[in-house]
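All remarks here apply to the structure that follows.
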Amino acid sequence: MLAPEIESRPWVEQLALDDASYRAQLAYLFDRSAFYREKLTAAGFSSAPAAGGLADIAGLPLTEKDEIRATRTPENPIGAHLCATPSEIVRIYSTSGTTGAPSYIPLTASDLENWVTASARSYAASGIAAGQRIVSTYNAGPFVAGAALAAFDRIGLCHIPVGTGNTERLAHSVEALRPEAVVLTPSYAAHLVEWTAERDVDLRESSVERVLVAGEPGGGEPAFRAMLEAGWGARVTEAMGVGDIGVSLWGECEEQDGMHLGARGFVHAELIEPETGAALGLEDGATGELVLTHLRHRAAPLLRFRTRDHVQVRTTPCKCGRTGPRVRCRGRTDDMLIVRGVNVFPSAVREVVSAFAPQVSGHILVTPEAPGVKQEPPLPVNVELARGATDDPLLAQAIRERIRDVLVVQTRVELVPWGTLRRSEYKSKLVER
Ligand SMILES: [Zn+2]
């Protein structure tokens with residue numbers, strides 16, 4: 001642990017400290033945030049004391065990304081939630097803007113410091129340690145991932161950036177520089193297993209002992225993870241951030257039983273029922289959408305921000321000694337389909353299909369026929385066969401039955417030859433319309 005006195009602090013003590021931070025954050029919002037002053041007043045809270053403490057947080061309104069986006073103007077392109085003055089802001093990241101113009105994410109010096117501190121804790125949980133080498137594959141550019149790269153310096157690693165889109169360079173770096181770890185998306189980690197196998201290179205014989213995955217859901221799904229671990233001959237752990245809140249907020253330890261909150265003390269986590277917004281307890285086994293609140297943020301703090309990440313909570317004590325709830329991300333609301341009332345995440349379909357390895361490659365593509373979220377069964381799913389495997393109607397039937405049993409959804413499984421579905425060096429597309 002980078003900060004054992006903090007990371008192993010009893011969770012009730014953490015919550016007491018967080019309550020004090022939260023009350024101060026609320027006072028700051030009423031003082032400086034036009035967005036929250038208006039939003040909270042409209043909800044019946046005229047002052048910070050009226051809004052109470054963490055125990056009362058579920059009574060406050062949720063924040064949607066679109067609400068903030070709607071407040072952007074040419075004079076204030078960041079949005080009405082901006083609290084800091086221009087001279088206080090030391091960095092401005094932006095989102096990829098897949099749904100419209102990019103959103104800007106400003107940080108003060110203390111915000112940036114806290115981001116790097118949290119990210120360093122999350123990545124260090126994986127077991128990587130000072131003096132080891134890590135190859136990174138993120139083209140950070142304008143994106144918040146840049147702050148995660150600073151976390152590697154903080155841990156004391158030798159950081160070898162190779163970027164995305166140059167698999168030859170990555171393979172050469174691993175062979176020549178003998179890193180103990182690589183960090184990449186789970187999709188790219190899977191792609192590399194295939195890419196090296198085609199070239200008669202055995203990744204299991206490489207120096208890599210730890211594969212750190214982040215950037216998309218899936219790295220925690222047991223069958224998919226088992227496939228990655230077998231291919232790399234290395235331990236796979238995952239990390240997860242939320243652009244508007246912080247980079248690599250969560251990181252998994254060597255017990256591989258969900259991600260710890262590296263951003264403890266900086267961020268408060270809640271769970272809600274996604275359809276109704278009702279608060280759910282952070283109890284063992286609970287599932288719902290993750291909602292996050294900044295506790296000590298300065299530039300553009302967010303309160304009860306809907307992350308769109310669906311997670312499952314673990315609260316059993318972890319052998320590593322870190323305290324507090326852990327999460328496993330199941331998928332994104334944005335990717336979710338509803339088939340006759342049942343929520344289906346494409347990554348969950350991939351997980352079920354991956355268990356049919358070595359007959360399948362692990363690549364799938366869900367091709368919904370209706371526009372929008374709601375679909376009528378059977379849901380079409382293309383499942384790619386493993387290299388050399390032949391089309392087998394019994395296999396398709398077995399996969400269909402397993403998906404029905406596990407996910408309670410009727411599908412139409414079509415087996416496609418190896419190499420048919422597109423590989424990704426970044427994030428996989430599991431749905432195509
Ligand atoms: Zn642990």
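The values are calculated or read from the model by the stated rules, or taken from the named source; none is laboratory data. Here the structure is a predicted model, which is why all the values come from computation and not from measurement. Glycine also receives a Cβ, built like all others from the backbone with ideal geometry; neighbour counts cover every protein chain displayed. Accessible surface areas use protein heavy atoms only, side chains included; no ligands, DNA or RNA. Shrake-Rupley method; radii C 1.70, N 1.55, O 1.52, S 1.80 Å.
Eigenvalues of the Cα gyration tensor times 5, then square-rooted: what semi-axes does that give for the stretch 196-288, in whole angstrom, largest first? Each step should come with its number before you reach the end.
Values: eigenvalues 200, 41, 28 Å².
Semi-axes (√(5λ), whole Å): 32, 14, 12.
At 222 nm, what helix-only mean residue ellipticity would the chain give, in deg cm²/dmol to the nearest 500, using -39500 (n - 2.57) for each DSSP H run of four or more? Show your work: numbers first, answer last.
Details: 12 runs with 130 residues, N = 433.
That comes out to -9000 deg cm²/dmol.
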Handout entry: Where Trp11, Trp195, Trp115 fall by accessible area, highest first, once all protein chains stay in place (1.4 Å)
Key = Trp11, Trp195, Trp115
Handout entry: For the chain, accessible area per residue (1.4 Å probe, heavy atoms of protein chains only), Å²
Key = 42 Å²
Completion exercise
Relative contact order in percent for the chain (Cα pairs under 8 Å, 6+ apart) equals 14 percent
Practice task
Mind checking which lysines have their Cα closer than 16 Å to the Cα of Lys39? Skip sequence neighbours fewer than 8 apart in that chain.
Solution key: Lys65
Exercise for the section: Whenever you get a sec, line up Arg350, Arg169 from highest to lowest accessible area (probe 1.4 Å, protein heavy atoms). Expected result: Arg169, Arg350
Exercise for the section: Amide H neighbours of Cys158 under 5 Å, at least 5 residues apart or on other chains, H built in the peptide plane: list them. Expected result: Gly131, Gln132, Arg133, Ile134
Problem - Cα convex hull of the stretch 138-272 - mean projected area over all directions, nm² - result: 8.8 nm²
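Whenever you get a sec, compute what percent of the accessible area on the chain sits on carbon and sulfur atoms (1.4 Å probe).
52 percent
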Problem - Cβ-based net charge around Arg23, under 14 Å, with every Lys or Arg adding one and every Asp or Glu removing one - result: -3
Practice task
Within the set of other residues whose C-beta is less than 9 Å from the C-beta of Val327, count the net charge using Lys and Arg as +1 and Asp and Glu as -1.
Solution key: +2
Fill in the blank from the handout: For His297, the accessible surface traced by a 1.4 Å probe with all protein chains present amounts, in square angstrom to the nearest 10, to 10 Å²
Problem - Whole-Å distance, taken between Cα centres, linking the stretch 116-151 and the stretch 397-429 - result: 32 Å
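Based on the Kirkwood radius over alpha-carbon pairs, what is the Stokes-Einstein translational diffusion coefficient of the stretch 331-433 at 37 °C with 0.692 mPa s viscosity, in µm²/s?
D, rounded to a whole number, is 241 µm²/s.
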Handout entry: Amide H within-cut-off set for Gly331, under 5 Å, with H built and near neighbours excluded
Key = His310
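Quick check: convex hull of the Cα atoms in the chain, volume per residue, rounded to a whole Å³?
Per residue, the Cα convex hull of the chain comes to 141 Å³.
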Exercise for the section: Sort 245-252, 387-394 for me by packing, meaning the mean count of neighbouring Cβ atoms within 10 Å per residue, highest on top. Expected result: 245-252, 387-394
Completion exercise
Hydrophobic long helices for the chain, i.e. whole DSSP H runs reaching 20 angstrom or more by Cα along the axis with Kyte-Doolittle mean at least -0.5, come out as 11-32, 109-124, 393-407
